[in-house]
Amino acid sequence: MKRLHANSGEGASPYTCAAALRQGGPATRLSALVMGLGNMANGQILKGLLFLAVEVAYIFFMIRTGIYNLSMLVTLGSVEQEEVWDEAQQVFLYTKGDQSILLLLYGVATILLTVLLIWAWRGSLRSAYKAECLKKQGSHVNSFREDLASLLDENLYRLLMTPPMFFIGALTILPLIFMICMAFTNYSKIDNHLVLFDWVGLDNFATLFDSNSILGSTFWSVLIWTLVWAVFATFTNYIFGMILALLINRKETKAKGFWRFCFVLSSAVPMFVSLLIMRTMLQPNGAVNVLLRSLGIIAQDASLPFFTDPTWARVTVIVINIWVGVPYTLMQLTGVLQNIPSELYEAAKVDGAGPVRTFFSITLPYMLYVTTPYLISAFTGNVNNFNVIYLLSGGDPVANLSSTAGSTDLLVTWLYKLTIDKQYYNAGAVVGILTFIILSVGALFTYRHSKSYKEEGGF
């Protein structure tokens, strides 16, 4: 019995497509060609007609435009728009040409519709086989009305999950596949491939990994700075937030509520407002430089290069990120500290452990155990921290005029510039794919090797 469950899976349905094709009757097997036929043969007329309507609609779509969409995926179009002089009207007329971007989008959408049809086909075949088996057993076969009623009862999850899955497919999966495909084309302003473009295989990846090319050297410098920024932005916030949480949480600290209120109040101000204010204050003629001049700390014609010097700019964005991020970390760690069992501290005190030993043996391990998933998500968020960089420095300053990125650009802000400003859509797609791979692999590897995952509930 254990072997049976191990192979088939606990709760696995016996009404599979393979069983339907091997053991089903003629009507059920023909459902593999004519969707809904098995349902109609077993009394589920409306359900069978719905399956049949889906198949007919798909066939009609494929005949009308689907086959063309798939065929154009091979070339992505070759007909250019032409300007033709109309002698009779004495005007230029423009012939309709191919648009590779639309051909790629329609082709990808057609593939996804085909995948959906395969899913519906499997559902039709399994439903037909189930109806046949129930009828042979003398059991009740649900009518269409009873199937609809089940959507509000035992199948409620299907009713509730269908709309989100639809939007995920249309708004997430389709754009994602579209972006991945774009990375293998020459869709770019370079050589004027904005209307018609072709497949180029792995050329874009080779260019980006080539440190001798402009894009390649920029990629490696941006990648290194992105990782440096993510490490500093994550752990400085965590360390300073931890220190503040420990200081406020001490028994000797008075007015704990007041101090916590101050930090909560600072986090209540929208982050983008704070960032824009800081950007204005740190300009060459901003409030900070004006104040320093008036105090005689710097010369009247001088200014501190907060956003004009590469090193200064990088240090500035890290420091400001600490200022805006520490309150959130403080609130996270305060909750963790208040939930550490007091028995652990009492046992440590009995054993003669001092404050330092208690911190490194109890407090820090417990905090890391609980907050490891938070640290991973914070690191991921900082790699993609578009707001802080874009609103503060805009990625500037640009140290190399031939480069498409500034000294403070992260991968995500550089991707924005590549696509919106430079129209290097293929390079932007490659950067997006590489960013996703780096983050997903790194996050999953780190989490699966953490104690939070390995020893869940075992601290």
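Bear in mind that the values in this text are calculations on the coordinates, not laboratory data. No experiment lies behind these values; they were computed from the predicted model shown. Every residue, glycine among them, receives a Cβ derived from its backbone with ideal geometry; neighbour counts consider all protein chains shown.
Structure notes:
- Per-residue Cβ neighbour rank within 10 angstrom, fewest leading, F258, F219: F258, F219
- Between the residues F360, F205, A53, the greatest Cα displacement towards the positive end of the dipole of the chain, with unit charges on the Cβ of Lys, Arg, Asp and Glu, is found for F360.
- Helix axis angle, 214-249 relative to the chain longest principal axis, alpha carbon, degrees: 70
- For the residue pairs K47/K130; K256/K451; K256/K454, the C-alpha atoms sit more than 25 angstrom apart in K256/K451; K256/K454.
- Under conditions of 4 °C and 1.567 mPa s, the chain yields 46 µm² s⁻¹ as its translational diffusion coefficient, taking Rh as the Kirkwood radius over Cα pairs in the Stokes-Einstein equation.
- Crossing angle, helix 100-136 versus the chain [Cα axis fit, 0-90 degrees, rounded to tens]: 60
- For the chain, the Cβ-based charge dipole about the Cα centre amounts to some 1920 debye (Lys, Arg positive; Asp, Glu negative; other atoms uncharged).
- Counting other Cβ atoms within 10 Å as a rough exposure proxy, the listed residues T65, T408, T372 run T65, T372, T408 from fewest neighbours to most.
- Between the beta carbons of T372 and Q89, assuming R0 = 60 Å, the FRET efficiency works out to 0.25 to the nearest 0.05.
- Between 0 and 90°, nearest 10: helix 45-61 axis offset from the chain longest Cα axis: 70
- Reference-scaled alpha-carbon Rg (2.2 N^0.38 Å with N residues) for the range 204-454: 1.20
- Dipole magnitude of the range 2-150, debye to nearest 20 (Cβ charges: Lys/Arg +1, Asp/Glu -1, about Cα centre): 1560
- Whole-Å distance, taken between Cα centres, linking the range 15-69 and the range 282-329: 68
- Think of it as helices only: each DSSP H run of n ≥ 4 in the chain is worth -39500 (n - 2.57), and spread over all residues that comes to -20000 deg cm²/dmol at 222 nm.
- Restricting the range 48-135 to trypsin sites (Lys or Arg not before Pro) in coil, as DSSP defines it, with at most 11 other Cβ within 10 Å: K96
- Counting only lysines at least 8 places from K417 when in the same chain, those with an alpha carbon closer than 19 Å to its own are K189.
- Modelled FRET efficiency - R0 30 Å, Q338 with T446, Cβ distances, 0.05 increments: 0.70
- Once C-alpha pairs closer than 8 Å and six or more residues apart are averaged by separation and normalised to the residue number of the range 204-454, the relative contact order reads 26 percent.
- Span from the the range 389-459 Cα centroid across to the the range 193-268 one, whole angstrom: 9
- If R0 is 30 Å, the Cβ-Cβ spacing of F167 and Y453 corresponds to a FRET efficiency of close to 0.50.
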